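A.B. asks: One structure, as structure tokens, below. Some questions next.
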Amino acid sequence: MVTSSHRDLGRNALGQHVVIDPYQQAVWDNCGLVAAERADLSGYLDFRERSSSRELAKLSGEGFQVDPAYIDGSHLIEDVFVDFYFVSRLLSERGIVLFDDSSSAHVWKVLRFIETNLKANFVPFDLRSYRADAGRSLKYRLAGPLRRRQLQAFQKVGPAERAWNSDFCNF
Ligand SMILES: C[S@@+](CC[C@H](N)C(=O)[O-])C[C@H]1O[C@@H](n2cnc3c(N)ncnc32)[C@H](O)[C@@H]1O
């Protein structure tokens with residue numbers, strides 16, 4: 001669990017891992033929160049039971065910063081896009097944003113938008129060194145060109161805001 005990495009790094013429990021899920025109780029019976037409690041990790045969590053689009057908009061208005069950000073909520077294109085819109089503004093300079101289920105058609109479209117229209121400010125971030133197989137397996141190497149990668153990441157290398165009249169690059 002990502003939350004435990006804060007403890008593994010010897011950090012104090014300061015609610016530094018913001019987690020957003022409107023359905024944690026209604027659909028999931030709080031199983032994620034219970035697992036965190038059983039692992040004695042609740043103190044590292046800052047759980048918000050709202051849709052990510054609304055909560056991220058609120059955080060962004062508060063000048064909050066995050067790094068890294070992991071997008072794995074609703075997989076509808078409109079939600080993924082809005083999640084990325086706000087995360088891109090919340091991300092610290094050089095921060096990393098990760099997209100789970102990146103082979104889903106909804107998520108893939110958002111990734112293509114970033115690659116084509118935001119390439120000056122967000123560059124692909126290589127995750128191979130974080131994998132047990134260092135990305136050497138044939139399955140992983142084929143997954144890239146076949147658009148079957150589970151997880152994809154970008155690093156923020158420039159401001160998220162663009163000029164309002166920037167050109168649109170079709171994709
Ligand atoms: C594919 S699961 C991933 C959960 C978790 N990241 C994991 O790997 O176990 C997607 C999660 O997004 C939540 N979700 C659905 N719509 C959402 C929304 N609009 N905002 C935030 N979370 C949402 C679901 O309740 C579910 O828990």
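The values are calculated or read from the model by the stated rules, or taken from the named source; none is laboratory data. All of these numbers come straight from a predicted model, not from anything done at the bench. Reconstructed Cβ throughout: ideal geometry from the backbone, glycine too, with neighbour counts over all protein chains shown. Please note that ligands, DNA and RNA were not included when accessible areas were found on the heavy atoms of the full protein model with its side chains. Shrake-Rupley method; radii C 1.70, N 1.55, O 1.52, S 1.80 Å.
A.B. asks: Report the residue count in segment 99-122 for those that are outside any helix (DSSP H, G or I) and open to solvent by 50 Å² or more (accessible area, probe 1.4 Å).
C.D. replies: Adding up the residues that qualify gives 2.
A.B. asks: Take the residues of segment 75-98 that are open to solvent by less than 50 Å² (accessible area, probe 1.4 Å) and of a type in the set (Ser, Thr, Tyr): which is nearest to LYS58 (Cα to Cα)?
C.D. replies: SER88
A.B. asks: Could you tell me whether any residue of segment 57-71 is of a type in the set (Val, Ile, Thr) and under 24 Å from ASP8 (Cα atoms)?
C.D. replies: Within segment 57-71, one or more residues are of a type in the set (Val, Ile, Thr) and under 24 Å from ASP8 (Cα atoms).
A.B. asks: Now for a separate question. Of the conditions (1) within 24 Å of SER5 (Cα to Cα); (2) of a type in the set (Lys, Arg); (3) in a helix (DSSP H, G or I), ARG94 satisfies every one except a single condition; which number is it?
C.D. replies: With (1) within 24 Å of SER5 (Cα to Cα); (2) of a type in the set (Lys, Arg); (3) in a helix (DSSP H, G or I) applied to ARG94, the lone miss is (3).
A.B. asks: Step by step: first the residues of segment 40-60, then only those that are away from the ligand (no atom under 14 Å from the Cβ) and open to solvent by less than 70 Å² (accessible area, probe 1.4 Å), then the one that is modelled with the lowest pLDDT. Which residue is that?
C.D. replies: The selected residue is SER60.
A.B. asks: Here's another thing I want to ask about it. So in segment 9-32, with the set limited to residues that are open to solvent by 50 Å² or more (accessible area, probe 1.4 Å) and more than 11 Å from the ligand (Cβ to nearest atom), which one is farthest from SER53 (Cα to Cα)?
C.D. replies: Within segment 9-32, the match that is farthest from SER53 (Cα to Cα) is GLY10.
A.B. asks: Just for segment 123-162: of the residues that are of a type in the set (Phe, Trp, Tyr) and under 19 Å from the mean Cα position of the chain (by Cα), which one is least open to solvent (accessible area, probe 1.4 Å)?
C.D. replies: Only one residue fits best here, namely PHE154.
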